[in-house]
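Please read the structure below before turning to the comments.
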Amino acid sequence: MAKKVLITGASSGIGRDIARVFDSLGCELIITARREERLKALADCLTGTPRIIAGDISGADGAKELYELTKDENIDILINNAGFGVWGDFTKTSCDREVEMIDLNVETMHVLFKLFLKDFKERDSGKILNVASMAGFAPGPYMAAYYASKAYVLRLTQSVAHELKESGSNVTVSALCPGPVDTEFNKVAGVHFASPSLSSMYVAKYAVTNMIKGKTVIIPGTAMKAAAVASKLVPDSVAAAITANVQKNKGK
């Protein structure tokens, strides 16, 4: 599978392990994140020699700058992975921090998605994986802005996937919706998961396999698949109450 892959948020967690999966498939990588030393450490573990782009890609300007740096690289696959969460009562969490999160989780994702998709559609080939979350399926008290940001990623991806299908395009787009994963996400968000977490490598392998197949919504783990089905049957008010109880426990 000789493809060129651009991965954002590649310095840790799912992004790092997706890089390892594609490297094992013989792909050429471009990896980006803020922490250059983490990217160099990852590069040292790979069989190939990835291009490293270290910097903050938050917001439209950051996303456009990354696009300009890579648009002539003939990228085949975009992994839109960069993002983080903020936990707490909405009236008490930092507004500035939440705006930073929205800039990265929503604005950066949107701009990169749109710019690369236009190129992919023009040549009628390519794949994009937007990293959403199981959080995108339900209201999220005590992580309200994060849940809303991931709902945006999920619904945008589903909508664009339908547009591509109707147009007869060979380009596919996918939304990865993991539940708890053993990554640095907990530390950044200021929470811990009460339920068992999947390994990030398991999620990465599952995501890549199903993205290659062209699956639109990718949910790793049997329990999370069941939860996604249940979310369609439970009223939003009940889902909000369940989520609130779970989120409160995360901060303890």
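From the Kirkwood radius over Cα pairs of the chain, Stokes-Einstein at 25 °C and 0.890 mPa s returns a whole-number translational diffusion coefficient of 134 µm²/s. Label positions at GLU166 and GLU122, each projected 7 Å from the Cα along the C-beta direction, are separated by 2.3 nm. Under Stokes-Einstein, with the Kirkwood radius over Cα pairs as Rh, the value for the stretch 1-75 at 25 °C and 0.890 mPa s is 200 µm²/s. In this structure the chain gives 48 Å² per residue of accessible area when probed at 1.4 Å with all protein chains present.
Structure remark: mean-square fluctuation, Gaussian network model of the chain, C-alpha springs under 10 Å; the largest value among ALA41, ALA240, ALA148 belongs to ALA41.
From most to least packed by mean Cβ count within 10 Å, the peptides 58-68, 7-17, 222-232 give 7-17, 58-68, 222-232.
Quickly estimate the mean residue ellipticity at 222 nm for the chain, helices only: each DSSP H run with n ≥ 4 gives -39500 (n - 2.57), and the total goes over all residues, rounded to 500. Kindly include the intermediate steps, with their values, before the conclusion.
Working: 10 runs with 125 residues, N = 252.
-15500 deg cm²/dmol, from helical runs alone.
In the structure shown, the pairs LYS3/LYS232; LYS114/LYS213; LYS121/LYS225; LYS40/LYS92; LYS92/LYS114; LYS40/LYS127 are assessed against 32 Å; a Cα-Cα span above that value is assigned to LYS3/LYS232; LYS40/LYS92; LYS92/LYS114.
Computed extension length for LYS71-LYS92: 3.5 nm, one decimal, from 0.36 nm per residue of separation with the Cα-Cα distance subtracted. Note on the stretch 61-106: Rg/Rh from Cα positions, Kirkwood definition for Rh, rounded to two decimals, is 1.15. Build a GNM of the chain with springs between Cα atoms under 10 Å: which of THR157, THR47, THR216 gets the top mean-square fluctuation? In this elastic network of the chain, the residue with the biggest mean-square fluctuation among THR157, THR47, THR216 is THR47.
Share of the stretch 10-113's accessible area from carbon and sulfur, percent, 1.4 Å? Carbon-and-sulfur percentage of accessible area, whole number: 46. Across the stretch 57-141, Cα-Cα distances exceeding 16 Å account for 57% of all pairs.
The values are calculated or read from the model by the stated rules, or taken from the named source; none is laboratory data. This is a predicted model, so every value here is computed, not measured. Cβ coordinates were reconstructed from backbone atoms using ideal geometry, including for glycine residues, and neighbour counts include every protein chain displayed. Remember, those area values only see protein heavy atoms, side chains included, never the ligands or the DNA or RNA. Shrake-Rupley method; radii C 1.70, N 1.55, O 1.52, S 1.80 Å.
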